[in-house]
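Below you'll find the structure, written out as structure tokens, and then a few comments.
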Amino acid sequence: FNRPWKLVLYLDEVTPGTPLRPDNKRQITAFYASFLELGDFLSSEAAWLTIGTLRTSIAKDIVGGMSNVVRQLLRAMFVGPTSLAVGGAVLQSGLFFARFRRLLSDEAAGKSVFCVKGAAGLKPCMDCKNVVALKGDDDSLTSFNPDGYLVDISCADVRRFDPMEPDDLWHSHDVLARVKSIGGLTKGQFEDLTKAHGIAFDTEGLLADLDLRPIAPPSSYARDPMHTMLCGGVISVEIYLLLKAIAQVVPGFSYATLRTFFDASWLFPLSRHHGRLSDIFDESRESASRSAGLFKGGASEVLAVYPLIRYFLEVVIIPQGLLPNEVASFLACCRVLDSMDLVKKNGGAGALAELKREVSSCLSLHVVAYGSAYIRPKHHYMMHMTRQVEEDGIWLDCFVHERKHQVIKEAASHLKNTVIYEKSVLVPVVNTTLHLMEDITRTSLIGRTECCDELSASLGQPCRIALQMRLEFVHLAAKDVLFIAGSACIVVVCVAFGDEFGLLVHPLELLDRPSATTSRWKQTSELQLAVLSRGLVRHAAAWFRRADGIVVAVGR
């Protein structure tokens with residue numbers, strides 16, 4: 001009871017069907033829960049319990065909407081004698097207690113839960129008192145700000161942000177509630193007041209629940225970094241603007257140019273296999289990107305694409321001295337993504353400090369290159385990505401939930417009877433989760449394994465080998481190019497011996513580093529056994545072998 005686990009709640013809309021033919025009538029919100037105490041295991045789908053599903057069409061008819069749904073869910077879980085916080089749950093090992101710690105979601109879900117205006121409001125950030133929206137045409141509300149207190153979302157100096165206190169949003173809600181009860185304002189005047197406070201006022205919403213205020217404060221909200229940066233996020237804007245700028249100075253350049261470039265003999269880690277990555281630059285994607293004003297692609301696609309676009313700049317654009325400001329802005333955004341990966345996988349104060357520096361540099365260089373015309377609230381939100389890590393000591397993002405969504409999509413797509421739709425969706429989801437839980441291992445060989453007499457004799461103990469393995473939830477496979485402790489190698493086979501795991505590899509000898517993120521290597525003929533430690537192992541983002549046998553690896 002005195003050491004409750006800290007629960008994380010995640011919710012997101014899931015749309016069955018395909019991206020080109022979504023089934024919006026079956027759109028459903030999924031609710032997942034897990035605990036910060038699980039640490040790195042939070043990157044595994046088995047760590048997240050699907051605790052509920054709700055059709056979007058039903059949520060729209062509920063008084064208070066999704067905010068009231070989450071409110072009732074949190075009351076059931078954490079208020080009253082039978083809750084996880086007071087009564088606990090009976091497990092085989094004894095009583096288990098939990099308290100609410102985080103709501104993780106994209107911006108759309110977060111603003112609906114906490115009843116704020118969010119990205120569409122005059123005050124788009126619920127973490128800052130004094131950050132306001134851009135009005136358009138590079139004009140801002142800061143024009144009416146003689147004392148310099150207000151800053152807009154293009155500001156890259158975190159020292160100018162005035163952090164929101166825990167009770168500020170509650171105070172704004174209570175002010176609006178008093179004004180509403182007194183009356184005297186027209187509907188338009190009251191709406192103007194809600195805009196000024198940044199609140200989407202609702203008497204049945206989470207902010208109105210006095211019992212939940214000490215349990216679920218607004219400071220418990222954590223925006224998902226994946227949505228901030230990758231899903232129609234900051235890097236998506238950067239790629240779109242960069243390609244548009246290149247087309248203006250390089251005759252004949254188009255998406256088809258990059259499609260040809262990506263059609264070359266690029267190889268990727270088996271765990272990140274993307275099929276024909278060049279398809280992301282086909283005509284339909286180009287048309288969709290132009291219509292949206294940002295690069296259209298899924299999070300995993302954008303994550304795979306940005307290192308190769310960076311390499312294209314290194315070998316084609318930078319040597320010609322073209323677009324120095326635009327290139328600098330894009331490279332800064334790439335460094336943010338690189339730093340995010342370091343924080344997620346290795347943690348540490350140094351990596352976190354580097355991410356803070358890179359985020360500020362990214363926004364500053366974007367303004368130098370493009371002005372404020374393309375600044376979006378997500379540019380400001382990335383300035384807050386480190387807060388949750390600083391407070392909890394662990395990186396949270398939604399990649400794992402996007403994978404779990406596939407189970408819900410499959411279940412929802414095949415249901416015909418919608419009378420008990422939510423229950424029918426949950427049954428296969430729970431069964432899949434139970435199956436995942438039965439096969440939880442932190443490190444193990446994957447797939448077919450066999451004994452290796454030669455290695456067994458060399459090491460003096462039985463050895464088993466396989467083409468793939470899991471190392472602390474990182475997937476490794478034969479033919480992958482890895483960076484291990486500052487060097488590089490090509491995986492030949494994965495090895496288990498005794499209680500240890502390793503890789504039989506072809507070491508690569510460094511020839512040169514054309515840039516901070518590109519290196520050229522020569523394969524040696526000898527084989528070596530590398531004993532593994534997760535923090536020292538990283539995949540190359542992509543690589544190819546030249547005709548002369550030189551391996552060109554892309555990735556930090």
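Across the stretch 201-233, the qualifying residues are those that are surrounded by fewer than 24 Cβ atoms within 10 Å (Cβ to Cβ), of a type in the set (A, V, I, L, M, F, W, C) and touching a residue at least 12 places away in the same chain (Cβ under 8 Å), and the one among them that is farthest from residue 61 (Cα to Cα) is 226.
Checked against (1) under 30 Å from residue 131 (Cβ atoms); (2) free of Cβ contacts under 8 Å to residues at least 24 places away in the same chain; (3) outside any helix (DSSP H, G or I), residue 391 passes all but a single condition, namely (3). The set of residues from the stretch 119-130 being under 15 Å from residue 168 (Cα atoms) and buried (at least 21 other Cβ atoms within 10 Å of the Cβ) comprises 123, 124, 125, 126, 128. Take the residues in the stretch 471-486 that are within 18 Å of residue 268 (Cβ to Cβ) and surrounded by fewer than 16 Cβ atoms within 10 Å (Cβ to Cβ), then tell me which one is nearest to the chain's Cα centre (by Cα). The residue in question is 475.
Being among the aliphatic types (A, V, I, L, M), in contact (Cβ under 8 Å) with a residue 60 or more places away in the chain and surrounded by fewer than 20 Cβ atoms within 10 Å (Cβ to Cβ) is a description that does not apply to residue 327. Taking the stretch 27-106 as the region of interest, the strands (runs of 3 or more DSSP E) fully inside it that hold 2 or more residues being open to solvent by 10 Å² or more (accessible area, probe 1.4 Å), in contact with a Gly (Cβ under 8 Å, 6 or more places away or on another chain) and in contact (Cβ under 8 Å) with a residue 60 or more places away in the chain are 94-96. Selection of first residues in the stretch 1-25 that are under 24 Å from residue 48 (Cβ atoms) and of second residues that are open to solvent by 90 Å² or more (accessible area, probe 1.4 Å) and at pLDDT 70 or above, restricted to Cβ pairs under 7 Å at least 6 apart or on distinct chains, gives the following pairs, ordered by first then second residue: 4/99; 6/99; 7/99.
The set of residues in the stretch 433-464 being within 30 Å of residue 30 (Cα to Cα), of a type in the set (S, T, N, Q) and open to solvent by 50 Å² or more (accessible area, probe 1.4 Å) consists of 441 alone. Summed over the stretch 477-487, residues that are modelled with pLDDT of 90 or more and in a strand (DSSP E or B) total 4.
Here's the yes/no breakdown for (1) part of a strand (DSSP E or B); (2) in contact with a helix residue (DSSP H, G or I) (Cβ under 9 Å, 6 or more places away or on another chain); (3) hydrophobic (A, V, I, L, M, F, W, C):
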residue: 456; (1), (2), (3): no, no, no
residue: 469; (1), (2), (3): yes, no, yes
residue: 475; (1), (2), (3): yes, yes, no
residue: 489; (1), (2), (3): yes, no, yes
residue: 492; (1), (2), (3): yes, no, yes
residue: 495; (1), (2), (3): yes, yes, yes
residue: 501; (1), (2), (3): yes, no, yes
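Annotation: of all residues in the stretch 145-180 being in contact with a His (Cβ under 9 Å, 6 or more places away or on another chain) and of a type in the set (D, E, K, R), the one that is surrounded by the most Cβ atoms within 10 Å (Cβ to Cβ) is 152.
The values are calculated or read from the model by the stated rules, or taken from the named source; none is laboratory data. What you see is a predicted model; the values in this text were computed from it and never measured. Ideal geometry is used to build each Cβ from the backbone, glycine not excepted, and the neighbour counts take in all protein chains shown. The accessibility values were calculated without ligands, DNA or RNA, using every heavy atom of the protein model including side chains. Shrake-Rupley method; radii C 1.70, N 1.55, O 1.52, S 1.80 Å.
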